[in-house]
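Okay, so here's the structure we're looking at.
The values are calculated or read from the model by the stated rules, or taken from the named source; none is laboratory data. Treat the numbers as computed from the prediction; the structure is a model and nothing was measured. Every residue, glycine as well, gets a Cβ built from its backbone with ideal geometry; the counts of neighbours run over all protein chains shown.
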Amino acid sequence: MNVPVSSSEAPNIDQYRDLNWGADQLLRIFLFKPFNLDQRKRIYSMGSIQIIKKSAHAVIEGEPTRGLFIILSGQLSVYKRDPMSNESHRLASLKAGDSFGELSLFDQSPRSATVSAESPAFLFSLEAESFESFLHKEGEAVKAYFYRSCAAVLSEKLRILNADYITSQQLLWKYALRRDTP
C-alpha cells in the first residue's frame, strides 16, 4: 500500500499501512463480509490512501468515477443537488469508519451525490477495476458467493424501504385528508 505522506501529517499513518488493520476496516462494509482475512488483506493492499483537504470534494454528483471509499479519519458530508432549484442539500454527515460509493464497485451509474470534507480527511480508496480483477482471479465460486451476499443485503434494504414508503404514504394521507374545523 502506497501512502504518500509523512507520519508527522497524520498520527495514525502507520496504522493505515497495516494490512490486518485494513482488513478489519473492510469488515465494516457489508460487501466485504463474505471474504476471509487473507482475501480482505489483498483487497486492502490494492487500494490507496487519499488525503482530502477541508472543503474539497471526494466525489462529485454526476461524475462517472467508480470505486468505494472508507473514511479513516476526518468528517465528510453528503450533498444532493435539487434538480428544480439547482441548490445542494446536505443529506448526511460521515465520520471515521463510515463508507460511501460501495455500489459503484458493480454499478456503472454516475455518482449520485457529492461528498465534501468538513475537516481534513484520510480516505481508503478502492477502484472498481481493481476489485473486479480481484474477483476474476478468485474464481467463480467466490464471485457467486459475493454477489449472492450483495443480493441478500440489498433485498433486505429494499424491504425496509418499501415498509418506510408505505408508512410515509399512510401518514401523508392521514394528515392530507384531515379537515380542520373551526
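Every condition in (1) within 19 Å of the chain's Cα centre (by Cα); (2) within 24 Å of residue 24 (Cα to Cα) holds for residue 161 except the one numbered (2). If you go through the range 99-136 and keep only what is in contact with an Asp or Glu (Cβ under 9 Å, 6 or more places away or on another chain), closer than 15 Å to residue 147 by Cα and charged (D, E, K, R), you end up with nothing. The set of residues in the range 46-78 being part of a strand (DSSP E or B), over 14 Å from the mean Cα position of the chain (by Cα) and within 13 Å of residue 115 (Cβ to Cβ) consists of 50, 52, 57. On inspection, residue 124 passes the criterion of being surrounded by 17 or more Cβ atoms within 10 Å (Cβ to Cβ), within 11 Å of the chain's Cα centre (by Cα) and among the aromatic types (Phe, Trp, Tyr). For residue 93, the conditions (1) surrounded by 13 or more Cβ atoms within 10 Å (Cβ to Cβ); (2) in contact with a strand residue (DSSP E or B) (Cβ under 6 Å, 6 or more places away or on another chain) are fulfilled apart from (1). Only one of the numbered conditions (1) outside any helix (DSSP H, G or I); (2) under 23 Å from residue 29 (Cα atoms) is violated by residue 178, and that is (2). In this structure, residue 112 does not qualify as modelled with pLDDT of 95 or more, of a type in the set (S, T, N, Q) and either assigned to a strand (DSSP E or B) or over 23 Å from residue 15 (Cβ atoms) (or both).
Applying the condition of being free of Cβ contacts under 8 Å to residues at least 40 places away in the same chain and within 30 Å of residue 144 (Cα to Cα) to the range 33-78 and asking which residue is surrounded by the most Cβ atoms within 10 Å (Cβ to Cβ) yields 40. Set side by side, the residues 146, 134 differ, and just one is at pLDDT below 90, surrounded by 15 or more Cβ atoms within 10 Å (Cβ to Cβ), of a type in the set (A, V, I, L, M, F, W, C) and over 15 Å from the mean Cα position of the chain (by Cα), which is 146. When residue 149 is tested against (1) more than 21 Å from residue 49 (Cβ to Cβ); (2) free of Cβ contacts under 8 Å to residues at least 40 places away in the same chain, just one condition goes unmet, and that condition is (2). Within 20 Å of residue 32 (Cα to Cα) and in contact (Cβ under 8 Å) with a residue 40 or more places away in the chain - does that describe any residue in the range 79-97? Scanning the range 79-97, I find at least one residue that is within 20 Å of residue 32 (Cα to Cα) and in contact (Cβ under 8 Å) with a residue 40 or more places away in the chain, so the answer is yes.
What about residue 151, is it more than 18 Å from residue 43 (Cα to Cα) and crowded, with 20+ Cβ neighbours inside 10 Å? So residue 151 fails the test.
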